[in-house]
Amino acid sequence: MALAAPLLLFLVLVFAWPILAFSYRAIDNGVLHRSFPATHAALQDWDAPADVPPVAFDALARDLQGIGSPERVAVTARNLNNFLEGFRSLLMKTANRLPPEQQADWRDTFINIDKRWGETKYWAVLKHETGALTPSFVLAALDLKLSDDGSVTRVAEERRLYVPLLWRTFEISFWVALICFVLGYPTAYVLTRLPPLAAGIGMICVLLPFWTSLLVRTTAWIILLQGNGPVNSLLQFVGLITEPLQLIFNRFGTLVAMSHVLLPYMILPLYSVMKLVPENQMLAAQSLGANIRVAFLRVYFPQTASGVAAGLLLVFILALGYYITPALVGGPSDQMLSYMITYHVNEVVNWGMASALGVMLLISTCVLLLVMSRFVKMRQLMR
């Protein structure tokens with residue numbers, strides 16, 4: 001344990017801790033909890049659609065006066081806008097016009113500043129989203145939301161984005177893994193049957209993509225598949241088509257580019273397993289009366305099943321998190337979940353939503369690994 005301690009510490013600091021810290025953002029609501037402590041306490045006994053109690057207006061006035069600098073007000077308003085669109089402008093307007101002196105009736109003061117303070121939906125957000133923890137980001141990642149009365153409901157059909165996006169991510173990853181299997185299995189088989197020198201050259205060709213930048217490989221496919229690129233020009237030259245095909249910025253281009261990038265991850269596990277299968281077993285099966293197809297399916301393929309499973313799982317999991325390739329060669333309907341995570345981090349600076357989507361993708365991957373491991377164990381027990 002003492003010898004392994006430095007490695008374990010390294011894994012905790014650079015792997016486990018960043019993942020846990022990022023995942024915690026999915027439920028963390030510390031900014032709003034620190035900004036509205038009095039308002040959160042004043043609204044605990046209130047339920048929509050009842051009238052907002054006057055004490056809540058008094059508490060909100062105290063909290064807004066205590067927030068302080070305009071920068072902190074802007075951060076607070078941006079966080080509230082994550083839960084309800086329009087809250088940022090409402091809070092910024094109110095904070096700028098709020099009188100510093102005590103008012104006899106804060107309710108009239110707030111409504112005079114903006115009539116939206118008379119709507120219960122804004123107060124419902126202040127009640128449900130100013131605690132130390134919030135479930136709203138996780139619910140939003142599942143296309144759910146908290147209603148004004150605190151119950152969980154589905155969002156409107158036209159706003160259901162993330163669950164279909166997750167299924168699209170799984171669909172693209174599945175097809176990429178399947179394409180890599182179809183191309184990688186015969187390639188690995190041929191490599192195991194070549195003489196040592198030819199096999200070494202072939203393996204260098206397989207590993208060559210690892211030595212090339214991912215961005216360069218993806219850009220190369222844009223050049224190859226564009227309307228006046230080499231692929232369309234060749235198809236027109238041989239007379240298969242009369243007009244250029246749309247081969248890029250769609251699902252086809254995404255599958256081709258991702259399969260090219262991930263193909264080595266399929267070939268290498270298959271090659272390592274196929275090298276252990278004796279060559280004379282196929283000949284022995286044929287000498288006992290089996291044709292080539294039966295010998296392959298009953299003798300050879302079962303012995304390579306572990307390599308097939310490892311390659312499919314490796315390619316599928318790697319494809320789940322791809323961002324650059326679908327962003328460059330895919331169309332709007334081909335973006336994957338990683339694109340939306342990047343959008344929330346870089347564009348709208350909504351770390352909670354980005355973390356919730358990341359957690360959803362992580363849990364989906366872990367469930368897949370668990371199912372695959374159980375499946376492999378069942379196959380071993382059946383043998």
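In this rough spin-label picture, where each label sits 7 Å from Cα along the Cβ direction, the L98-L11 distance is 4.9 nm.
Using the Cα coordinates of segment 162-382, the gyration tensor eigenvalues translate into equivalent-ellipsoid semi-axes of 34, 26, 15 Å, sorted from longest to shortest.
When all alpha-carbon pairs of the chain are counted, what percent fall beyond 42 Å? Intermediate results must be reported in sequence, preceding the final value.
On the way: 26111 of 73153 pairs.
Tail fraction, whole percent: 36.
Its convex hull of Cα atoms gives segment 271-321 a direction-averaged projected area, equal to a quarter of the hull surface, of 3.8 nm². Per residue, the convex hull spanned by the alpha carbons of segment 30-134 comes to 88 Å³. Cβ crowding within 10 Å ranks M372, M266, M353 as M372, M353, M266, fewest other Cβ atoms first. Counted residue by residue at 0.36 nm each, then reduced by the alpha carbon distance between them, the extension gain from A4 to D105 reaches 29.8 nm.
With contacts taken as Cα pairs under 8 Å and at least 6 residues apart, the chain reaches a relative contact order of 19 percent. A Förster radius of 25 Å, combined with the Cβ-Cβ distance separating N228 from L178, puts the computed FRET efficiency at roughly 0.25. Calculated on the alpha-carbon coordinates, the convex hull of segment 226-293 measures out at 160 cubic angstrom per residue. Of the peptides 78-87, 47-56, the ranking by mean beta-carbon count within 10 Å, highest at the top, reads 78-87, 47-56. Among G289, G253, G307, determine the one that fluctuates most according to a GNM of the chain built with springs between C-alpha atoms less than 10 Å apart. Ranking G289, G253, G307 by mean-square fluctuation puts G289 first.
Highest-first packing order for the peptide set 293-301, 192-200 is 293-301, 192-200, based on the mean count of other beta carbon atoms within 10 Å. Between the helical axis of 70-81 and the longest alpha-carbon principal axis of the chain there is an angle of about 60 degrees.
Using a 10 Å cut-off around each Cβ, can you sort L314, L20 from fewest to most neighbouring Cβ atoms? If you can, show how the numbers build up before the last one.
On the way: L314 17, L20 10.
Lowest count first: L20, L314.
Fewest neighbouring Cβ atoms within 10 Å first, the residues M1, M340 line up as M1, M340.
Read the figures in this text as sums done on the coordinates, not as results from a lab. All values reported here derive from a predicted model rather than from experimental measurement. Glycine gets a Cβ as well: all are built from the backbone with ideal geometry, and neighbour counts include every protein chain shown.
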